[in-house]
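Let me begin by presenting the structure, written as structure tokens, before commenting on it.
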Amino acid sequence: MQRIRFVEDNDRKVIVIPSTKNWFFIIFFFPFLLVWLAVELFIPVLIIINLKAILSFGAWIVGWTGIGLLITKIWIWEAFGKTVLYLKEDELIIKKRFDLISSTKYFKLIGITDLSILNKDIETTRYFTRPNYLFSSKTKSIIFNYGFLKVNVVDWINQEEAELIIDVLNKSIASFKSR
């Protein structure tokens, strides 16, 4: 169970939650990424050799580059990604390591309300109902309200991990509010 690491200094607590590691995606998309990279490296040679080729394949090159960058971002997150929660004396900082798009988020502990576990076992939308529990028990998310925002702290963890993280967050918030 000790997938999640807790580190406590005298002035802060750190919670490190690794990504869920979709091994099917990590293993089978690695060859695609190698082919994508080879083609991306070949495109400048194509441009140098024949300018007309770039004009006729322009849309394809833009699409190929965009899809490759998206899959690269997802692959890096799946292979190396971590959500890190820093609890300082009056602040919660959420940082996603190896996520190339997301930025660090800062929240004052005093503004955090309704800290809870969101169950994603069954996802229902206007168009479909999909069970998410078929291949994994990691269908929980931790959410809270911050003013008018609903914030996802971490996604795709199991119930035991979610309760452990909620407990640490609740203790930190209660400790700050009691001062």
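Details
- The stretch 1-69-the stretch 142-170 distance, computed between alpha-carbon centres (Å): 28 Å
- Farthest toward the positive end of the dipole of the stretch 22-179, out of Gly68, Leu33, Ile101, is the Cα of Ile101, where the dipole comes from beta carbon charges about the Cα centre.
- Accessible area of Arg5 in the full protein assembly, 1.4 Å probe (Å², nearest 10): 130 Å²
- Accessible surface, 1.4 Å probe, highest first, among residues Glu89, Glu161, Glu40: Glu89, Glu40, Glu161
- Solvent-accessible area of the stretch 43-179 (1.4 angstrom probe, protein heavy atoms only): carbon and sulfur portion equals 63 percent.
- Accessible surface for the stretch 1-127, divided over its residues, is 66 Å² per residue with a 1.4 Å probe.
- The chain: most fluctuating residue of Leu41, Leu69, Leu164 per GNM, C-alpha cutoff 10 Å: Leu41
- The magnitude of the dipole of the chain, with charges of +1 and -1 set on the Cβ of Lys/Arg and Asp/Glu and taken from the Cα centre, is near 200 debye.
- In the stretch 4-63, chymotrypsin sites (Phe, Trp or Tyr not before Pro) in a DSSP loop with at most 16 other beta-carbon atoms within 10 Å: Phe57
- Of the residues Leu85, Val153, Ile43, the one whose Cα sits farthest towards the positive end of the charge dipole of the stretch 1-159 is Ile43 (charges of +1 on Lys and Arg Cβ, -1 on Asp and Glu Cβ, taken about the Cα centre).
- Sequence of Ile43, Ile67 when ordered by accessible area, the most exposed leading, probe 1.4 angstrom: Ile67, Ile43
- Normalising the average separation of contacting C-alpha pairs (under 8 angstrom, six or more residues apart) by the number of residues puts the relative contact order of the stretch 29-140 at 13 percent.
- Relative contact order (%) - criterion: Cα under 8 Å, at least six apart; region: the stretch 1-80: 37 percent
- Taking a ≥ b ≥ c as the square roots of the eigenvalues of the Cα gyration tensor, the stretch 67-143 is oblate, since a/c reaches 1.5 or more and a/b is not larger than b/c.
- Span-like helix ranges in the chain, DSSP H, alpha carbon extent 27 angstrom or more, Kyte mean at least -1.0: 23-49, 58-80
- Listed residues Pro18, Pro31, Pro44, most fluctuating in the chain (Gaussian network, C-alpha, under 10 Å): Pro44
- Each of Leu55, Thr124, Pro18 was scored by the projection of its Cα onto the charge dipole of the chain, and the greatest displacement toward the positive side belongs to Leu55; charges sit on the C-beta of Lys, Arg, Asp and Glu.
The values are calculated or read from the model by the stated rules, or taken from the named source; none is laboratory data. All values reported here derive from a predicted model rather than from experimental measurement. Every residue, glycine as well, gets a Cβ built from its backbone with ideal geometry; the counts of neighbours run over all protein chains shown. We work out accessible area using only protein heavy atoms, side chains counted, and drop any ligands, DNA or RNA first. Shrake-Rupley method; radii C 1.70, N 1.55, O 1.52, S 1.80 Å.
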